[in-house]
Amino acid sequence: MKSLMIKDLHVEIEGREILKGVNLTVNENEVHALMGPNGNGKSTLLAAIMGHPKYVVTQGEIEYDGKNILEMPVEERSKAGLFLAMQYPQEIPGVTNSDFLRAAMNVRRERPIPLFSFIREMERTIKELDMKEDLAHRFVNEGFSGGEKKRNEIVQMKLLKPSLSMLDEIDSGLDVDALKIVAGAINKQRQETGMSLIIVSHYERFYELIEPEFTHVLVDGKILLEGDAELARKIDTEGYDWIYKEYGITPERKEEKPVPVSIGTCAVRETVEKAVGK
Amino acid sequence: MIEVHVNQDIALPHGFSEYVIESERDLDLTFSGSGKCQAFIRIRKCPNLRIRTFTDAGADISYLFWNDSDTPITADESHEVMADASLKIAYGECNHAETKRNVWVALRQNGAYALVSSATLAEDKKNTRMEVVNYAPHTVGEMKNFAVVLKGGNFFIDAIGKIVKGAYASQSHQTSRALCFEEGQNSEIIPELLIDENDVQASHAMSIGRMDDEQLYYLQSRGLSMRQSIMLMSTGYLMPITEFIDDEGLKERLKSEMEEKIARL
């Protein structure tokens, strides 16, 4: 059985500690909801599992399928069955979706996929996600709307058939109809492949469609609270305040960002003010 | 396939034709055509190559110059495009030798159209100056250059779109993109628009640089290694040139030549 095991994970970005000891286990065929207020480390956790170079693991372990994935480069983690549907998918001008996907499918096969089978599979998936037919020939995510980019992540998930998918706010930017289509495609793949899921979303509507069995609440770099689907529902209706109260936490105030000013204007004003003796 | 070893005036036949240029001495060649013609010209060797083309009124002519030389080439070209004619020129520069090229295109009469495009895999000095001049009203000039610059490569392109006074309702557009992957290379693109008429449309787009770390991470997160990502990007930049001439046999041949080159990256 392929399980993801995270033990005492500490992660830094640019010298700032974001995750401060996360423990999480995800077994095959399980769906986990990862919740928590913005800026508390949800995306960081997913990026660290996938291996984003900016996120530095300073302590702890991540194992998948019995292997220490912290020692594996990003592409090996992907080939081991991990998939991250990103919150902000990159645009790759010059590379068509079909060339990209064919290359990505071929690296996990012994023999390259025959062109005809690839086209058939790609067309079927495009239809399933209700995307425009020219998707295959367009450059990866270039000029895509927010919703199209998110759906294209799911097209990739369908074709690469991961054993564990992490969806980072895949539902933001999708309208109600698109949300149903995406959820339907995810559920179908779960039934077909037994894929497990870690889902980051702020919206109960998406959780209603995917039905997570476990909910984890990440606050200030630690999983503060764990429960079943009921917990996700409660957070959706009541927010996070009751958690803060119950655990005696004062949410960290985000630093006020300085208001951008034009240096030119300021310098001029300062000089003038000095000159008139203010 | 016609072998060219001496100075010649070549009248293009209708449809597809193929030429190979091979000479230890300098050559001076003239191509002309009317109607619809497509010419594939493979350059095996020629130290100094002078090319003139004439695109007759109403003609639709495409040239694909494929540089296969392993010795340096200096090319000087001038192209004349008459009324309502279309001229498309493409350069496949994926050989391992220096090239210096100076291209001049004149959109001479009303309704003339010209496209100059190139795909370069630069491991050596590749120096191009191209100038497309709109001399008449209602003319359209386009330039599209794509390059992948490798270690030891020195890629330079000066792309000039010029619209003279009186050439109203004309257009001049250009795009140049260079991808560099390694240290020890040099890339420079100079986009220029020289416009002396008010009623025109003009644009230029230029990018030069390494593949972004975030893009690389994205490709890697789908299972592609750094090398596979570079090959994929290079394919995207260079492969479209193999589709330039509408001949299935030729497309297949160029495609496999290009794949071989990219596989060696």
Strands (runs of 3 or more DSSP E) wholly inside the range B:1-65 that include at least 2 residues being touching a Leu at 6+ places or on another chain (Cβ under 8 Å) = B:8-11, B:15-22, B:27-33, B:36-45, B:48-55
Hey, any hits in the range B:41-49 for a residue that's farther than 19 Å from B:Glu18 by Cβ and either open to solvent by 10 Å² or more (accessible area, probe 1.4 Å) or within 14 Å of the chain's Cα centre (by Cα) (or both)?
-> yes
Restricting attention to the range A:111-127, which residues are surrounded by fewer than 17 Cβ atoms within 10 Å (Cβ to Cβ) and either more than 14 Å from every other protein chain (Cβ to nearest Cβ) or of a type in the set (Lys, Arg) (or both)?
-> A:Arg111, A:Pro114, A:Phe116, A:Ser117, A:Ile119, A:Arg120, A:Glu121, A:Glu123, A:Arg124, A:Lys127
Taking only the range B:225-240 into account, find how many residues are more than 7 Å from chain A (Cβ to nearest Cβ) and either touching a strand residue (DSSP E or B) at 6+ places or on another chain (Cβ under 6 Å) or assigned to a loop (DSSP other than H, G, I, E, B) (or both).
-> 2
Considering only the range B:149-172, state which residues are in a strand (DSSP E or B), more than 16 Å from B:Ala114 (Cα to Cα) and open to solvent by 20 Å² or more (accessible area, probe 1.4 Å).
-> B:Asn154, B:Phe156, B:Asp158
How many residues does the range B:226-256 hold that are of a type in the set (D, E, K, R), open to solvent by 40 Å² or more (accessible area, probe 1.4 Å), farther than 16 Å from A:Arg102 by Cα and without any contact (Cβ under 8 Å) to a residue 40 or more places away in the chain?
-> 5
May I ask you to say which residue of A:Glu246, A:Glu213, A:Glu208, A:Glu192 is under 16 Å from A:Val31 (Cα atoms) and over 20 Å from the mean Cα position of the chain (by Cα)?
-> A:Glu192
Any idea which of (1) of a type in the set (Gly, Ala, Ser); (2) outside any strand (DSSP E or B); (3) in contact with a helix residue (DSSP H, G or I) (Cβ under 7 Å, 6 or more places away or on another chain) is the one B:Ala90 doesn't satisfy?
-> (2)
State whether one or more residues within the range B:177-197 are under 16 Å from A:Pro93 (Cβ atoms) and in contact with a Pro (Cβ under 7 Å, 6 or more places away or on another chain).
-> no
Which ones in the range B:195-225 are among the aliphatic types (A, V, I, L, M), touching a helix residue (DSSP H, G or I) at 6+ places or on another chain (Cβ under 7 Å) and either farther than 23 Å from A:Leu82 by Cβ or surrounded by fewer than 19 Cβ atoms within 10 Å (Cβ to Cβ) (or both)?
-> B:Met211
Of the conditions (1) over 25 Å from A:Tyr64 (Cβ atoms); (2) surrounded by 20 or more Cβ atoms within 10 Å (Cβ to Cβ), A:Lys132 clears all except one; give me its number.
-> (2)
Tabulated pairs, the range A:166-184, first closer than 26 Å to A:Gly39 by Cα, second basic (Lys, Arg), C-beta under 6 angstrom, 6+ apart or interchain | A:Ile170/A:Lys150; A:Gly173/A:Lys150; A:Leu174/A:Lys150
Output the residues belonging to the range A:24-55 that are of a type in the set (A, V, I, L, M) and over 21 Å from B:Glu214 (Cβ atoms).
-> A:Leu24, A:Val26, A:Val31, A:Ala33, A:Leu34, A:Met35
Flag if B:Arg222 is within 14 Å of another protein chain (Cβ to nearest Cβ), among the basic types (Lys, Arg) and part of a strand (DSSP E or B) | no
State whether one or more residues within the range B:70-78 are β-branched (Val, Ile, Thr), in contact with a strand residue (DSSP E or B) (Cβ under 7 Å, 6 or more places away or on another chain) and assigned to a loop (DSSP other than H, G, I, E, B).
-> yes
When (1) of a type in the set (Ser, Thr, Tyr); (2) within 13 Å of chain A (Cβ to nearest Cβ); (3) in contact with a Gly (Cβ under 6 Å, 6 or more places away or on another chain) are applied to B:Ser172, the one that fails is (2)
Inside the range B:185-242, can you point out the residues that are among the basic types (Lys, Arg) and more than 20 Å from A:Glu142 (Cα to Cα)?
-> B:Arg227
Log entry, pairs with first residue in the range B:52-68 being open to solvent by 40 Å² or more (accessible area, probe 1.4 Å), second being of a type in the set (D, E, K, R), beta carbons closer than 7 Å, six or more apart or on different chains, reads B:Phe54/B:Glu80; B:Ala57/B:Asp84; B:Gly58/B:Asp84; B:Asp60/B:Lys36; B:Asp68/B:Arg42; B:Asp68/B:Arg44
Subset of the range A:74-95 (residues that are farther than 20 Å from A:Ile186 by Cβ and at the interface with another protein chain (Cβ under 7 Å from one of its Cβ atoms)) = A:Val74, A:Glu75, A:Lys79, A:Gln90, A:Ile92, A:Gly94, A:Val95
Does any residue in the range A:45-57 that is within 11 Å of chain B (Cβ to nearest Cβ) come within less than 8 Å, Cβ to Cβ, of a residue that is open to solvent by less than 20 Å² (accessible area, probe 1.4 Å) and of a type in the set (Asp, Glu) six or more places away or on a different chain, and which pairs are these?
-> A:Leu46/A:Asp168
Examine the range B:210-231 for a residue that is within 21 Å of B:Ile89 (Cβ to Cβ) and either among the small types (Gly, Ala, Ser) or modelled with pLDDT of 90 or more (or both), and state whether such a residue exists.
-> no
Which one is farthest from the chain's Cα centre (by Cα) among residues in the range B:107-132 that are within 15 Å of B:Tyr168 (Cα to Cα) and open to solvent by less than 40 Å² (accessible area, probe 1.4 Å)?
-> B:Gly111
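The values are calculated or read from the model by the stated rules, or taken from the named source; none is laboratory data. These numbers were taken from a predicted model, which means no experiment stands behind them. No Cβ is skipped: glycine too gets one built from the backbone with ideal geometry, and neighbour counts run over all protein chains shown. What goes into the accessible areas is simple: the full protein's heavy atoms, side chains included, and nothing from ligands, DNA or RNA. Shrake-Rupley method; radii C 1.70, N 1.55, O 1.52, S 1.80 Å.
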